[in-house]
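Encoded as structure tokens, the structure appears first; notes follow it.
The values are calculated or read from the model by the stated rules, or taken from the named source; none is laboratory data. Nothing here was measured: the structure is a model prediction, and the numbers come from that model. Positions of Cβ are generated from backbone atoms using ideal geometry, with glycine treated the same way; all protein chains shown enter the neighbour counts. When the accessible area is computed, the model is the full protein with side chains, heavy atoms only, and any ligands, DNA or RNA have been set aside. Shrake-Rupley method; radii C 1.70, N 1.55, O 1.52, S 1.80 Å.
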Amino acid sequence: MLYRPGSSAVHRLPAQVKIVCALLAVVCVVATPRTQFWAFGAYLVLLAAVWAAAAVPVGHVARRAVIEVPFVVVALVMPFLGGGERFRFLGMSLSEQGALAGWNILAKGTLGVLVSLTLAATTTPRELVVGLQRLHAPAVLTTIATLMLRYLEVIAAEARRMRTARISRGHDPRFLWQVGATARGIGALFVRSYERGERVHLAMVSRGWTGRMPDGGTTAGAGAWLAGLTPVVLAATVLAAAVLLR
Amino acid sequence: MTGPPALLVERLAYAYPDGHQALYGVDLRVEPGERVAVLGPNGAGKTTLVLHLNGVLSGGSGRIEVAGLPVSRSTLREIRRRVGIVFQDPDDQLFMPTVGEDVAFGPANFGLTGEALRVRVRQALDAVGMTEHVDRSPLHLSGGQRRRVALATVLACDPEILVLDEPSSNLEPVARRELAEVLLSLGRTTLMVTHDLPYALQLCPRSVLIDGGVVVADGPTRDLLADTDLLAAHRLELPYGFSLD
């Protein structure tokens, strides 16, 4: 799981503050000119400070950052494929344009992933949904997110039961020619999930649901916003410096 | 009897949009405090009737009143508070991350907040004996516990009438008995839709038999279940080894 239970100041911040903070931090990173290499280092130091404050070990974030690997591969290939001026590095002829483009993807992508992981490590999915609701995200979206969180496990269990039933009747999904049965199984799973969705909706309406989730979140005072946005203010300072010093 | 009945259904008829006529004129009157079983074979119209009671289905003919308040578009919110439906599959009913949040969902929708909401959640969980599981995920509970939490989510809305759809299905014998004890301890007006005839006998002094979209029998549960010919005519029978005389 992405969430790491804790009781640090970062964990206790209202979710809406953390969402805004993460979003603005990513905007700062993306807006930074790619040749200002030091700025990206500064962002990383800022993130590390947040991890320290939240008592999230670097390993926790690093292991989950592996999701980024496909983008890293693209970034590493770019110096070989780019055009324009070329330079030699370790005996290889590399494109300067390509190297910079690759660096751009690598640095900004990695920082973006790390910011998201930090948010996810310190905020439960439920808090995230309430936070989005407090930020006036469309109610339909937050409701879908809530239901998805809850029903992912129910649907996975349903899929497991259907698979067990198939295997019990001699179906072996390892053989390619039986892929048809698996595909039809997915179709059946969709129909069953859809029907369940309808029943869930009926049950919710029966308990007086009108389209908005009850809000169990905390209101964010000025203090919380101030504290929560400190990293963003620092990131914005780095950004301003990076742009001005270019 | 003084005061309005807890539930009044008069000449309720309904056809689904595909043309299938499910109800052909159902009449039913339930007094406050009564526990009534609704019996009938599959496809008799039991679930269709239940979904009418809180206005989820409408558009047919006839009328329904809950504690004197007619079911109509303008009264829907209050009707849904007054009629608490516990659905057959707890997984359909429970969808919040924790038991406590799920129980709070209904009363919060009806406007309760803060301490009043917390008290209501505690009372509801207390009534079904699930207080210590308030912070657990419904997914990690046993079938019987889930059923009781589903009951608590509806009790928390403080309904005038409790409607249970197949409450004993998929329950092991002990969980089935525990649920019966909870239901008997509540002392609320209850309408229980079921195929489980011994359960109906245990919980409901009165039964209504529905088949083909009409009420075909209405009387003391024991009398109805002792009438083997009546049961056989409507695809019902007592489980093996049971007999009433």
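For the range A:139-206, just run the numbers: alpha carbon Rg, then divide by 2.2 N^0.38 Å, N being how many residues it has. Spell out each step's value before the answer.
Values: Rg = 14.9 Å, N = 68, 2.2 N^0.38 = 10.9 Å.
Dividing the Cα radius of gyration by 2.2 N^0.38 Å gives 1.36.
Taking 25 °C and 0.890 mPa s as the conditions, I'd like the Stokes-Einstein D for the range B:95-141 in µm²/s, using the Kirkwood hydrodynamic radius from alpha carbon pairs.
Rounded, D is 231 µm²/s.
For the pair A:GLU153 and B:SER74, what calculated FRET efficiency results from E = 1/(1 + (r/R0)^6), where r is the Cβ-Cβ distance and R0 = 51 Å, to the nearest 0.05?
Between B:SER74 and A:GLU153 the formula returns 0.85.
Just to be sure I understand: if I project the alpha-carbon convex hull of the range B:47-148 onto a plane and average over all orientations, what area do I get in nm²?
Averaged projected hull area, Cα only: 7.3 nm².
In angstroms, what radius of gyration and Dmax does chain B have, counting Cα atoms only?
Computed over the Cα atoms of chain B, radius of gyration and Dmax are 17.8, 55 Å.
Within the range B:1-29, list the residues whose amide N lies under 18 Å from a label point set 7 Å along Cα→Cβ of B:ARG63.
B:3-14, B:25-29
Using a simple spin-label model with points 7 Å from Cα along the Cα→Cβ vector, what separation in nm is obtained for A:VAL191 and B:LEU244?
Here the modelled spin labels are 3.9 nm apart.
Per residue, how much accessible area does the range B:129-245 have with a 1.4 Å probe, in Å²?
Ligands and nucleic acids excluded, the result is 45 Å² per residue.
With unit charges on the beta carbon (Lys/Arg positive, Asp/Glu negative), name the residue among B:ILE85, B:GLY3, B:ALA152 whose Cα is farthest towards the positive pole of the charge dipole of chain B.
Of the listed residues, the answer is B:GLY3.
Work out the charge dipole of chain A with +1 on the Cβ of Lys and Arg and -1 on the Cβ of Asp and Glu about the Cα centre, then indicate which of A:LEU128, A:LEU202, A:ILE105 is farthest towards its positive end.
Result: A:LEU202, furthest along the dipole toward the positive end.
Just the ratio, please: alpha-carbon radius of gyration of the range B:107-245 over 2.2 N^0.38 Å, N its number of residues.
Relative to the 2.2 N^0.38 Å estimate, the range B:107-245 comes out at 1.21.
Roughly speaking, what is the stretch gain from A:LEU226 to A:ALA139, that is 0.36 nm per residue apart minus the C-alpha to C-alpha distance, in nm to one decimal? Show your work: numbers first, answer last.
Numbers: separation 87, 0.36 × 87 = 31.32 nm, distance 2.67 nm.
Contour length minus Cα-Cα distance gives 28.6 nm.
Taking the Cα centre as origin and putting +1 on Lys and Arg beta-carbons and -1 on Asp and Glu beta-carbons, what dipole magnitude results for chain B, to the nearest 20 debye? Working shown, then result.
Details: 23 positive and 31 negative charges, 123 e Å.
Dipole of chain B, to the nearest 20 debye: 600 debye.
Explain nothing, just the number: relative contact order of chain A, from Cα pairs under 8 Å at least 6 residues apart, as a whole percent.
35
What percentages, rounded to whole numbers, describe P(r) for chain A computed over all alpha carbon pairs with 10 Å bin width beginning at zero?
P(r) for chain A, in whole percents per bin: 6, 21, 24, 22, 18, 8, 1, 0.
Go ahead and run the numbers for FRET between A:THR219 and A:LEU245, Cβ-Cβ distance against an R0 of 35 Å, rounding to 0.05.
0.30
If r is the Cβ-Cβ distance from A:GLU198 to A:VAL74 and R0 is 51 Å, what FRET efficiency results, to the nearest 0.05? Kindly include the intermediate steps, with their values, before the conclusion.
Details: r = 42 Å, r/R0 = 0.82.
Approximately 0.75, to the nearest 0.05.
Which residues of the range B:86-117 bury at least 40 Å² of accessible area once all protein chains are present, versus their chain alone (1.4 Å probe)?
B:PHE87, B:ASP91, B:ASP92, B:PHE95, B:MET96, B:PHE105, B:ASN109
Tell me the accessible surface of A:ARG192 in square angstrom (1.4 angstrom probe, heavy atoms of protein chains only), to the nearest ten.
The accessible area of A:ARG192 comes to roughly 100 Å².
Mean separation of Cα pairs under 8 Å and 6+ residues apart, divided by the residue count of the range B:7-234: what relative contact order is that in percent?
With pairs under 8 Å counted, the relative contact order is 28 percent.
Give me the Debye-computed log₁₀ of I(q)/I(0) at q = 0.08, 0.11, 0.14 Å⁻¹ for the protein assembly as shown, equal point scatterers on Cα only, no solvent, two decimals.
For the protein assembly as shown, the Cα-only Debye profile gives -0.66, -1.01, -1.35.
What spacing in nm lies between the two simple spin-label points modelled at A:VAL27 and A:ALA236, each 7 Å away from Cα in the Cβ direction?
Calculated label separation equals 0.9 nm.
What's the Kirkwood radius of the range A:25-94 in Å, using all Cα pairs?
15.0
What nm value, rounded to one decimal, do you get for the distance between A:ALA9 and B:THR228 when each label is placed 7 Å out toward the C-beta?
Between A:ALA9 and B:THR228, the simple spin-label model gives 8.0 nm.
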